[in-house]
Amino acid sequence: MTLKLLLLMFYAVLSAAAFAQPPNELSNTHPAEAKPGASAFYSSEPTLDQGLPFSDAVYTAGNFVFLSGLVGTGPDGALVDGGLIPETHAIFRQMRSHLSHFGLGLQDVVKCLVMIDNIDAWAEFNTVYTYYFEPPYPARSAFGADGLALGAALELECTAVKP
């Protein structure tokens, strides 16, 4: 081998090592050096297994964790039976799981967006919502929405802040 070829190989290995990302201790969490302001993307096993085109949560500068909209699915990715109330409980189970990957809990949620298929079921939803959240409640917006994913009764999207 020539000296030039050896030097080229040496610099290639050195460059690869310099740009390698450190291992991340959170499973299914991917560093986000290519996206300004984002430091980690998290996808749950069901999201990965189904090949869904989104991350379940993104951790950003400023210690914000943005959760994608959640519908009331079980571990198999299918909508749970029973309508609004079981779906809402399933959403909160998922939310707790996603938040735990960043060392957070429901007490760290600061904002929610509720998309509900039947606005007349608002009181039922609030009964479950206030079971999981305590005062002071997160800021919240809501709107009636037709045609939610999987025919869900509602979708809930939230933002948390890491203390």
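Read the figures in this text as sums done on the coordinates, not as results from a lab. From a predicted model like this one, the values you see are computed outputs, not experimental measurements. For neighbour counting, all protein chains shown are included, and Cβ atoms are generated from backbone atoms with ideal geometry for every residue, glycine included.
Modelled this way, with points 7 Å down the Cα-to-C-beta line, the labels at ILE119 and ALA78 are 3.3 nm from one another. In order along segment 69-80, the phi-based Karplus estimate (6.51 cos²θ - 1.76 cosθ + 1.60, θ = phi - 60°) of 3J(HN,Hα) comes to x, 10, 10, x, 9, x, x, 7, x, 8, 4, 5 Hz; Gly and Pro are listed as x. Report note on the peptides 129-137, 151-159, 90-98: ranked by the mean count of other C-beta atoms within 10 Å, highest first, their order is 151-159, 90-98, 129-137.
Antiparallel versus total DSSP beta bridges in segment 68-161: what percent is that, nearest 5? Walk me through the numbers on the way to the answer.
Values: 9 of 15 bridges.
Close to 60 percent.
Between amide H atoms placed 1.01 Å from N, distances below 5 Å from ALA40 occur with ALA32, TYR59, all of them 5 or more places distant or on a separate chain. Computed from backbone phi, the HN-Hα couplings of segment 40-47 come to 7, 10, 10, 10, 6, 4, x, 5 Hz, rounded to whole numbers (Karplus: 6.51 cos²θ - 1.76 cosθ + 1.60, θ = phi - 60°; Gly and Pro given as x).
Given in Å, the Rg to one decimal and the Dmax to the nearest whole number for the Cα atoms of segment 73-158 are 12.5, 35.
Annotation for PHE64 and GLN50: the two label points, set 7 Å from Cα along the Cα-Cβ direction, are 2.5 nm apart.
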